[in-house]
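Enquirer: I have a structure I would like to understand better, so I am pasting it below and will then ask my questions one at a time.
The values are calculated or read from the model by the stated rules, or taken from the named source; none is laboratory data. In this text the structure is predicted, and so the values were computed from the model without any measurement. Neighbour counts are summed over all protein chains in view; Cβ atoms, including those assigned to glycine, are modelled from backbone coordinates with ideal geometry.
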Amino acid sequence: MLKNVKIFSLLISLLVVAAGCQANTDSGKNSSGSDGSSSSSPSPSEQAAANEVDLSKKYTIKMFTWGPKDLDKDDAIVKHLNEKFNIDLKVERVLSLEYTKNLEVRIASGDMPDIFRYNMNTPGTYRHLYEDGYLMNFAEYADKYKLDGLKAYMSIPEMDEFKEEDGMYQLPSSPGKEISPILIRQDWLDQLGLEAPKSWDELQNHLQLIKDKKLGGDKTVGLVSSFGFFSGIGVSSVGWTGSYEWGKLDGEWTYEKAMPDYKGFLTYWKDMYANGLLDREIFTNNESQEHAKFTSGQAAAILTAPNRVAVLEKTITDSDKNAKISIINPWLEGQKGPLYGTLLPYTSPVVAIKKDRDEDFLARVALLMDYMHTEEGVKILNFGMEGVHYNMKDGQMVRTEQYDRDIIPALGNLIAGFTDYSLAKQDVSEELKKLYADVDTNAVSPPLTPLSYGDAATHLLNIEQKQRDWVVNFITGKNDVEKDWDAYIQEMNNAGLEKLTQSIRENN
C-alpha cells in the first residue's frame, strides 16, 4: 500500500464514494444525490451556533481496535455509554498482530469504522486519510460544543506533535509504562537450588540446567513468549544496544537494529535457539500454543503481558498443585544494564471518520470521545463503575464478578485503549507493581516518533519486514551474524533504511 501512495488515495476515494451510495442514516451517513455522488459533511463552523448536542436520534457507532479478548455482550460499560449518549456502540476487536492488515483492507474497501486506532509505525494510514479529507477535526468540535474533556487532553504539551496547522485530527492514547514480565517455574528453581536469575546470561544458564534435568519432560523447553519473538522478546534488544528503535551513534541518529551492538542481541538468541532454550516454534506458534507449552508444564518460563499473568498462574496451578510461579524481578541485566524497551507515553492515535457522516452523528461521536477523556470517563474505562464492577470497603476496591467480565487487568475495559489507560497499570498484583517500579527507572522509550520521520516514513513497513526476515534467519542459523552482517545492512538500505535515516537526520 505504501509503495503506491497516489493509487491508494484514489482507490479510497472511489470506494468510499461508492459506499456512500448505500449510506445508512442510522449509522450517521448522509444519503447520496441522484447522480450517485455523496454530499460532503458540513464543518462545525457552518452549522448553527447552538452548543448543545442533539441526543434525540439514536445512532450506531462502530469502533475497531485490538486486544486480548472481545467485549462481553452484556458489558456494563458499553451499556452505560449507550444509555448516556443514546447510541448503539458496536466494538469489533482483532488480535494485535492481525490489526494493521485488517485495517488496511477495510480502508481500501471503503468499509471504514467510525472510530479506530492506528499503529504509529504505519503513519501513512493517517496521512492519506487526513490529506484526502476523511477525518474529523476534534479541535473544531471541542470548540463548537464546549467539550472540556477533549480540550484538556489536547492541551497537554505532548499533543503538539500530533496537531496539524488547522486543528487536531488524531488523539493519541496513553498506555503508561509497558512491560512484558517473565514468569518462571519457581518450584523448579527451588528443586535445583537456584536463585532467581539477575541477568540474561544467568537466565540462559538456569534454563540449560532445567532442560538438562528434563524437569518438563523429554521435550522440556526453556522460554516461550505470548507474543512470539518480535513483539515480545524483541524489546529486550535495548539491553544490548542501550537504545530503543533509534539512538545516537558517533553523534548521528542510527537505527537501533543497524547498530553493531545489535549483533550481540542476535548472537545471544541464536545460541538460545540452537540449544533448545528458546522455543523452536516461536516464529510460527500463536499465543494459545505458546501458553499451552507453559501451562502444561513443558516450558520453564514465559515472557507475557501483565494482563495474562493471573490467568497463566491459575491455569498451571489448577493442573499441578505443586507448581509455583514467580516473576523475575528486578529486570534482567544486559550488556548495557537492566534496560527495558517501553512504549512512548502517547501512542496508537485514535481517528474518527467524518466523510459521509451527518453533523448530528459527528457531534455524537465528539461527545462520546469527550466523555472518554474526562476524569469520570477515564476512571470508568480503567476500573469500571462503583456498585457494578466494584464496591468500596475500608478505602479499598472490592471487585465483583462483573469486574472480571468487563475489565482486563492492567488494560482496563477493551475500549480504554481509545483514551488514557495508564491508570489500569495500578490494577496488578503487588509483585507486578514492584517490577513496574524497578523498570520505571530503567525504561527506555523511542526518542523519536514516526511522525518526525518525514516523507521517508513510507519505507517503514518494507524496512520492518526485511528486518524480521533477516532476524529469523540469524536466530535459526540460516545466516551467520558476523559473516552476513554487511549483506543484512545492504538489504535494509535497499528497503529504504538509508533514505529513512537521512530524513531523520535532516528533520531532527
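Enquirer: Please determine, by comparing only the residues of region 492-508 that are part of a helix (DSSP H, G or I) and surrounded by fewer than 15 Cβ atoms within 10 Å (Cβ to Cβ), which one is modelled with the lowest pLDDT.
Expert: Only one residue tops the list, namely Asn507.
Enquirer: Would you check if there is a residue in region 79-91 being touching a Pro at 6+ places or on another chain (Cβ under 8 Å) and either crowded, with 20+ Cβ neighbours inside 10 Å or assigned by TED's automatic domain parsing to the domain that holds Val388 (or both)?
Expert: Initial filter on region 79-91 (touching a Pro at 6+ places or on another chain (Cβ under 8 Å)): none.
Checked region 79-91: no residue is touching a Pro at 6+ places or on another chain (Cβ under 8 Å) and either crowded, with 20+ Cβ neighbours inside 10 Å or assigned by TED's automatic domain parsing to the domain that holds Val388 (or both).
Enquirer: Looking at region 398-414, I want the residues that are without any contact (Cβ under 8 Å) to a residue 60 or more places away in the chain and over 16 Å from Pro306 (Cα atoms) and have a partner that is of a type in the set (Ser, Thr, Tyr) and outside any helix (DSSP H, G or I) with Cβ atoms under 7 Å, at least 6 apart or on another chain. Which pairs are those?
Expert: If the second residue must be of a type in the set (Ser, Thr, Tyr) and outside any helix (DSSP H, G or I), the pairs left are Val398/Tyr390; Arg399/Tyr390; Thr400/Tyr390; Tyr403/Tyr390.
Enquirer: Buried (at least 19 other Cβ atoms within 10 Å of the Cβ), more than 29 Å from Gly124 (Cβ to Cβ) and not assigned by TED's automatic domain parsing to the domain that holds Lys379, is that true of Tyr436?
Expert: When the stated conditions are applied, Tyr436 passes them.
Enquirer: Is there a residue in region 118-132 that is assigned to a helix (DSSP H, G or I), aliphatic (A, V, I, L, M), under 27 Å from Trp246 (Cβ atoms) and at pLDDT 95 or above?
Expert: Initial filter on region 118-132 (assigned to a helix (DSSP H, G or I)): 123-131.
Of the ones still in play, those that are also aliphatic (A, V, I, L, M) are 129.
Filter again for under 27 Å from Trp246 (Cβ atoms), leaving 129.
Those left that are additionally at pLDDT 95 or above: 129.
Scanning region 118-132, I find at least one residue that is assigned to a helix (DSSP H, G or I), aliphatic (A, V, I, L, M), under 27 Å from Trp246 (Cβ atoms) and at pLDDT 95 or above, so the answer is yes.
Enquirer: Assess whether Ile316 counts as being touching a residue at least 24 places away in the same chain (Cβ under 8 Å) and either assigned to a strand (DSSP E or B) or crowded, with 18+ Cβ neighbours inside 10 Å (or both).
Expert: Taking the combined requirement at face value, the residue does not satisfy it.
Enquirer: Identify, please: which residue in region 426-479 is among the hydrophobic types (A, V, I, L, M, F, W, C) and in contact with a Gly (Cβ under 9 Å, 6 or more places away or on another chain) and is, among those, nearest to Ala495 (Cα to Cα)?
Expert: Going through region 426-479, the residues among the hydrophobic types (A, V, I, L, M, F, W, C) turn out to be 428, 432, 435, 437, 439, 443-444, 448, 451, 456-457, 460-461, 463, 470-472, 474-475.
Those still in the list that are in contact with a Gly (Cβ under 9 Å, 6 or more places away or on another chain) too: 443-444, 456-457, 460-461, 463, 471.
On the way: Ala443: 30, Val444: 26, Ala456: 11, Ala457: 12, Leu460: 9, Leu461: 9, Ile463: 5, Val471: 15 Å.
Among those that are among the hydrophobic types (A, V, I, L, M, F, W, C) and in contact with a Gly (Cβ under 9 Å, 6 or more places away or on another chain), it is Ile463.
Enquirer: Could you pull out the residue among Pro172, Pro113 that is in contact with a helix residue (DSSP H, G or I) (Cβ under 9 Å, 6 or more places away or on another chain), part of a strand (DSSP E or B) and closer than 27 Å to Phe227 by Cβ? It would help to see each step written out before you state the result.
Expert: On the way: Pro113 fails: part of a strand (DSSP E or B).
From the options Pro172, Pro113, the qualifying one is Pro172.
Enquirer: Let me ask you something else. Confirm whether Glu245 is under 18 Å from Trp470 (Cα atoms), under 20 Å from the mean Cα position of the chain (by Cα) and of a type in the set (Asp, Glu).
Expert: Yes, satisfied.
Enquirer: OK, next. State all residues of region 221-275 that are in a helix (DSSP H, G or I) and closer than 24 Å to Ala457 by Cβ; if no residue qualifies, say none. Reasoning before the result, please.
Expert: At the first step, the residues of region 221-275 found to be in a helix (DSSP H, G or I) are 233-241, 256-258, 262-274.
Gly234, Val235, Ser237, Val238, Thr241, Glu256, Lys257, Ala258, Tyr262 - these are the residues of region 221-275 that are in a helix (DSSP H, G or I) and closer than 24 Å to Ala457 by Cβ.
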